[in-house]
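Input: a single structure, listed below in structure tokens.
The values are calculated or read from the model by the stated rules, or taken from the named source; none is laboratory data. Just so it is clear, the model here is predicted, and its values are computed rather than measured. Quick reminder, even Gly has a Cβ in these numbers, built from the backbone with ideal geometry, and neighbours come from all protein chains shown. Keep in mind that these areas ignore ligands, DNA and RNA; they rest on the heavy atoms of the full protein, side chains included. Shrake-Rupley method; radii C 1.70, N 1.55, O 1.52, S 1.80 Å.
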Amino acid sequence: MQKPIIPLTLAYIAGLLLGHGFLYFPYSISILALLCLLTIGLFTWFDIGTFRRSAPSRSLLIILPALAGMAAYLFSAGWLPPDHYTRMFPVDATLHELTGRITSPLDRDPDRTGFAMELHDIGGTPVSGTVRVSVREELRSVGYGDTIRISGKLFEPRGFYNPGGFDYAGHLARSGVYYTVSVKGADKIEVLSRGTGIFRKVQDWRERIRQGFLTSTSGPGSALLQAMVLGEEGRLTDKVRDQFMAAGVTHIISISGSHLGMVAVLCFGLMRGLMFLMPERYYHRLTLCTDPEKIAAWLTLPLVVFYTLLAGGQVATIRSLVMIAAGLLALLLDRESALMHSLALAALGILIASPQAIFDISFQLSYLSVLVIGFVVSLWNELRFKAETRLRKIRNSALLLVIISLATGLATGPLVAHYFNQISLAGIVSNMIVVPFAGVLVVPLGLASGILLLFIHHLPLAGTNQFVSDLFVNVVVYFSRLPFAEFHPPAPGIFWLVIYELFLFSFAVHARERLLARFNPLEYSSRISSAPVIGMACSGVLLALLIMLPAMTRQRTTISFPDLGQGDSALIRLSSGTTILIDGGGTRDNHFDIGRRVLAPYLWNKGVYRLDLVILSHPHPDHMNGLVSILNNFDVCEVWESGRDTDLPGYDEFSKAVAAKKIMRRTVAADGPPVMLGEATLRVLHPGHGFSAHDRQAFAAENNRSLVVQVKSEGRTLLFTGDIGLTAEKDLMRTAKELKTDLIKVPHHGSKSSSGDSFVSAARPAVGVVTVGRGNLYRHPSEEIIARYTRSGATVYRTDTGGAITVTLQDDRLDTVQWQERVLRRVEIRKRLAWEEREQENWKRLWIRAKAP
């Protein structure tokens, strides 16, 4: 069989997907795999279709790689050695001494350093495995390959349990990391031995270049140089990242396929240019012995490898190196026309080495982009458009660039939307300007200056680097500000993505056949295959149904409580479409912007782009800080607040965001009249104008001044209580006419300082929701408070254990669904007897996910 690499790779990928499915549905996947084997066997036995020639070898080409892929995935994802640290050390509050070797470049922010460490022992007990270490300051005293001893606590990686949210624990697990370690500072780190070898040497050079950029350049331009030349992204602000995302060029920040491709093209061109400078007779002798392009390819490869190491040698960068090496190999073996086969070989090598990379976003986006570019370029070469003049050559090159930009955008756009809830319309144009700008000026100038720094001990052309990088940032900012440059769709599901890519693939095959028949009729048949047309029709109909189905279902009033850690937020969506957001979560220093990274994607996934009302219960960081990003990124009509405690840290930024967007602002109190919004009635129950808290602790008094808002809709009463304590509850019971409620947001995360007996008895909720972070330092919620609500007849839900909680108002009940009830759970390979029970549970969770809002 000729060139079997593509079907072999596809079969291996199918096996990886089967292995992944087996971990959730072992019996169903086993039956599916058996049916596939029987089908292949029947086709082979009866000599049907594509199996007519070389049937046995074709069968083996599908069966063996698929079985190998399935086994490889199950081994990588489901097996751990007996001495693995997760088997020997459970997560607890114990302070451990861990010894190991740093196996990754340092990932630095201005006040934090992270790295991977391969463990040797914990407290003297030999163990194996890799942990992710986080140190609460910027380190310079350690580096790649160092053997160190640290003192810290073990934690399970924790993300936020929201639908469509980033699975941080799963992301780390795919790289073999199951625990994280928190270290207070550099004084808790002891270096036992220094790293050696070429990789450590290159990392030391990288650090010297980084210091040169830090001392000689400043601002966003400096941060961009460090990111694009060295892979150091820690100093990029959220604002700069958002601008690159809006312009559709966020891929240019991370060193991956585009960067290595640019460096490879530059190095190849430089080598070819140097050979052209040789004396003519020597050049002719060289051409008699070998092809100069092959020499340039051989010289380019080590330079690209060096740059990969200098850029940190991250996993995504190494995968891109493999793909570029495959392209150079095709050139060296005179197989330029077999680009797709080279890419298939590269993918197979990557997935054999790392089976779980199939679910890594960098692999998916990089490889899909390269496949699309390869397809377009191959088709363009087959069409063989004539260009007799230089002007026509320029025209054809420009047209090819536009087609490549458009095709990659169409192919990767839904995948970007799936992971980032964002599609950039500006990216189609911006990529044609920004990518060449980066490839011709920013990266080459910064890289050349950095390498020269190693010899002259200061950054040459520092002013030029600053000017070019600042200009580059300004170009990106310009594109990010274009009208309708970006929009934020709900993240499309896996089924939607598969149908879309099937439609796009069918369209591409059909378009290729038509173009070849039109422009090369002597070489290609005019008969057009019906299979792509059928594929387009079927997938197009399915896509239309998936798009129209949500609009055809009846909307009910829902109250959603996203998991924002130790922070409060509630989204009310009335059946009429009116939306109300109460609080926005947040962290104390806002280093991790909850609003930007968690709450905004949650709202976009709900299809929310406009907020008719935003209510700030009180200006504490865990309620207010996340709202700043929401105000900046959503169409907000009105903001309610109490007007109290406006001197607290962070309030000025909140106030500036309200003013900058010219949002209507209202100071409300319990004395005001009820407000109709859509079909709901809103009433502020607390605090009144005369209320004054006299708690000894300032934060307790501020909590007691929280707004308490009662919402009535569809015959139901909802009570949102902020962080009120016992003092406010007593005043509330004195002033409010009716506290009986169907749903309550439990005050102050379930703290003992709130939810007194009298208040809970007066409210008598059917459902209580506690918004609280897992393992929080305050030990919220109190078990005593949970028991108190339970005794009153309430069913209590918690975001720390259940994740995001959605309550739907039905005619005769409140339907409550927790996100954890919808997340599929893996089977444990060793517990064979529990497989059937876990699979049945997963099918039930799929059903709940399908019918839940």
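Please state which of the following conditions PRO82 fails to meet, knowing it meets all the rest: (1) touching a residue at least 40 places away in the same chain (Cβ under 8 Å); (2) more than 29 Å from the chain's Cα centre (by Cα). (1) is the only condition that PRO82 fails. The set of residues in segment 669-703 being assigned to a loop (DSSP other than H, G, I, E, B), in contact (Cβ under 8 Å) with a residue 24 or more places away in the chain and more than 16 Å from ALA728 (Cα to Cα) consists of GLY678, GLU679. Look through segment 830-853, keep the residues that are touching a residue at least 12 places away in the same chain (Cβ under 8 Å) and of a type in the set (Phe, Trp, Tyr), and return whichever of them is surrounded by the most Cβ atoms within 10 Å (Cβ to Cβ). If we take residues in segment 830-853 being touching a residue at least 12 places away in the same chain (Cβ under 8 Å) and of a type in the set (Phe, Trp, Tyr), then TRP835 is surrounded by the most Cβ atoms within 10 Å (Cβ to Cβ). The set of residues in segment 592-609 that are basic (Lys, Arg) and either assigned to a loop (DSSP other than H, G, I, E, B) or at pLDDT 95 or above (or both) contains only LYS606. Exactly one residue among SER617, SER629 is in a helix (DSSP H, G or I) and of a type in the set (Ser, Thr, Tyr), and that residue is SER629.
Residues checked against (1) in contact with a Leu (Cβ under 8 Å, 6 or more places away or on another chain); (2) under 28 Å from PHE75 (Cβ atoms):
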| position | (1), (2) |
| --- | --- |
| ARG791 | no, no |
| VAL796 | no, no |
| ASP800 | no, no |
| LEU814 | yes, no |
| VAL823 | no, yes |
| ASN842 | yes, yes |
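Tell me, yes or no, whether segment 347-358 has at least one residue that is of a type outside the set (Val, Ile, Thr) and free of Cβ contacts under 8 Å to residues at least 60 places away in the same chain. Checked against the condition, which is being of a type outside the set (Val, Ile, Thr) and free of Cβ contacts under 8 Å to residues at least 60 places away in the same chain, segment 347-358 yields at least one hit. Can you find, within segment 87-103, the residue that is modelled with the highest pLDDT among those that are outside any loop (DSSP other than H, G, I, E, B) and open to solvent by 40 Å² or more (accessible area, probe 1.4 Å)? Taking the candidates together, the pick is ARG101. Condition (residue is open to solvent by 60 Å² or more (accessible area, probe 1.4 Å) and part of a helix (DSSP H, G or I)) applied to segment 551-565: is it met by at least one residue? Yes, that holds for at least one residue. Residues that are open to solvent by 70 Å² or more (accessible area, probe 1.4 Å) and either at pLDDT below 85 or farther than 22 Å from HIS84 by Cα (or both) within segment 175-186 comprise just one, LYS184.
Using the structure shown, decide if TYR161 is touching a Gly at 6+ places or on another chain (Cβ under 6 Å), in contact (Cβ under 8 Å) with a residue 12 or more places away in the chain, crowded, with 20+ Cβ neighbours inside 10 Å and closer than 23 Å to THR86 by Cα.
Working: touching a Gly at 6+ places or on another chain (Cβ under 6 Å): yes; in contact (Cβ under 8 Å) with a residue 12 or more places away in the chain: yes; crowded, with 20+ Cβ neighbours inside 10 Å: yes; closer than 23 Å to THR86 by Cα: yes.
In short, yes.
Within segment 458-476, being open to solvent by less than 30 Å² (accessible area, probe 1.4 Å) and over 29 Å from GLY248 (Cβ atoms) holds for LEU459, PRO460, ALA462. If only residues of segment 574-596 that are under 20 Å from the mean Cα position of the chain (by Cα), free of Cβ contacts under 8 Å to residues at least 60 places away in the same chain and under 24 Å from PRO492 (Cα atoms) are counted, the one that is surrounded by the fewest Cβ atoms within 10 Å (Cβ to Cβ) is GLY595.
For segment 445-457, the tally of residues that are of a type outside the set (A, V, I, L, M, F, W, C) and open to solvent by 20 Å² or more (accessible area, probe 1.4 Å) stands at 1.
With the structure loaded, tell me whether LEU471 is over 22 Å from PHE244 (Cβ atoms) and either of a type in the set (Asp, Glu) or at pLDDT 90 or above (or both) or whether it fails that test. Quick ask: steps written out before the conclusion?
On the way: over 22 Å from PHE244 (Cβ atoms): no; either of a type in the set (Asp, Glu) or at pLDDT 90 or above (or both): yes.
It is false that LEU471 is over 22 Å from PHE244 (Cβ atoms) and either of a type in the set (Asp, Glu) or at pLDDT 90 or above (or both).
Just one residue in the set VAL817, VAL827, VAL796 is among the β-branched types (Val, Ile, Thr), open to solvent by 30 Å² or more (accessible area, probe 1.4 Å) and either assigned to a helix (DSSP H, G or I) or in contact with a helix residue (DSSP H, G or I) (Cβ under 8 Å, 6 or more places away or on another chain) (or both); that residue is VAL796.
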